[in-house]
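Undergrad: Next up is a structure, given as structure tokens.
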Amino acid sequence: MLKEFIDFVDSVLPNVPQNTKDAAKYAIDQFEKDGECIRYLTLSPLRELSQGDVISNIPFYYINRDGYSNTFVADAMVISTSCHIDQRNKLVLAAVLPINGFIGNVEELKNNRIYNYMYIPTIGMEDKYICFDYMTSINKDLILENIKNGKIHRNASLNQIGYYLLIIKLTVNFMRKEDSGTLEERNNDFNYK
């Protein structure tokens, strides 16, 4: 999965130096050769709520095609940076959905080749995926209070590899280079006299 993802990132963000890409692939090959399984989650949640943590029972709201509000409750991944968790009063969360409800190419999803989804092939997450299409912001104190009283559970935290995967997925989804037509139009407006 990781080798395919590196190739995918290279195709979307082509400025990754070749030696960096080759070194990452070599490290992955070594893991696979040694029979080691790459873990993306810590053995238990981190001490403090952090970016990339997966929590339970979060309401999500969205407007459907007919203009009506819909809601659902799902697990969620904390998208807010850890320093924002400390300093701000709202948390940004992305929905964590069951993979058996995914409509599309599951192999592409599992290889992290679809921009707006993230898959973590680790026990506890292997039957779920993170969907950046469904995001919400909720008051931090409400989340922390509900964690303390047991209404929300902290299910998992990303380890360093998982954290890097999240950062890359967020970058690819939200910050990849725009198409040449849009860039040209932006440039033309900039050059307006």
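Undergrad: How many nm separate the modelled label positions at residue 63 and residue 47, each set 7 Å beyond the Cα in the direction of the Cβ?
TA: Reported label-point gap for residue 63 and residue 47 is 4.4 nm.
Undergrad: 5 Å is the cut-off here: which amide hydrogens, built 1.01 Å from N in the peptide plane, fall below it relative to residue 134, excluding neighbours closer than 5 in sequence?
TA: Under 5 Å from the amide H of residue 134 lie the amide H atoms of 95, each far enough along the sequence or on another chain.
Undergrad: Could you provide, to the nearest whole Å², the per residue accessible area of the range 76-193 with probe 1.4 Å? Please list the in-between numbers first.
TA: On the way: 7160 Å² over 118 residues.
On a per-residue basis, the range 76-193 sits at 61 Å².
Undergrad: Place the peptides 87-93, 109-115, 66-72 in order of packing, highest mean first, counting for every residue the other Cβ atoms within 10 Å and averaging per peptide. Each step should come with its number before you reach the end.
TA: Working: 87-93: 16.7, 109-115: 18.7, 66-72: 8.4.
In descending order of packing, they fall as 109-115, 87-93, 66-72.
Undergrad: Using a Förster distance of 30 angstrom, determine the FRET efficiency expected from the C-beta separation of residue 115 and residue 56, and round it to 0.05. Display every interim value, and only then the final one.
TA: Details: r = 26 Å, r/R0 = 0.86.
Efficiency, from the Cβ-Cβ distance: 0.70.
Undergrad: In percent, how large is the relative contact order of the range 47-193, given Cα pairs closer than 8 Å and 6 or more residues apart? Don't skip to the end; give the middle numbers.
TA: Details: 207 pairs, mean separation 36.2, N = 147.
Here the relative contact order equals 25 percent.
Undergrad: I want to check a number: in the range 37-177, how many lysine pairs have alpha carbons closer than 21 Å, given a sequence separation of 8 or more or different chains?
TA: 10
Undergrad: So if each residue of separation counts as 0.36 nm, and I subtract the Cα-Cα distance between residue 148 and residue 72, what length gain in nm does that give?
TA: Working: separation 76, 0.36 × 76 = 27.36 nm, distance 2.26 nm.
Answer, rounded to one decimal: 25.1 nm.
Undergrad: Under 18 Å from the 7 Å Cα→Cβ point of residue 139, by amide nitrogen: which residues of the range 41-81?
TA: Counting backbone N atoms under 18 Å from the label point, the list is 58-61.
Undergrad: Whenever you get a sec, compute what percent of the accessible area on the range 37-177 sits on carbon and sulfur atoms (1.4 Å probe).
TA: Working: 4110 of 7990 Å².
Ligands and nucleic acids excluded, carbon and sulfur give 51 percent.
The values are calculated or read from the model by the stated rules, or taken from the named source; none is laboratory data. Please read these numbers as outputs of a predicted model, since none were measured by experiment. Every residue, glycine among them, receives a Cβ derived from its backbone with ideal geometry; neighbour counts consider all protein chains shown. Areas reflect the complete protein model, heavy atoms only, side chains present, ligands, DNA and RNA absent. Shrake-Rupley method; radii C 1.70, N 1.55, O 1.52, S 1.80 Å.
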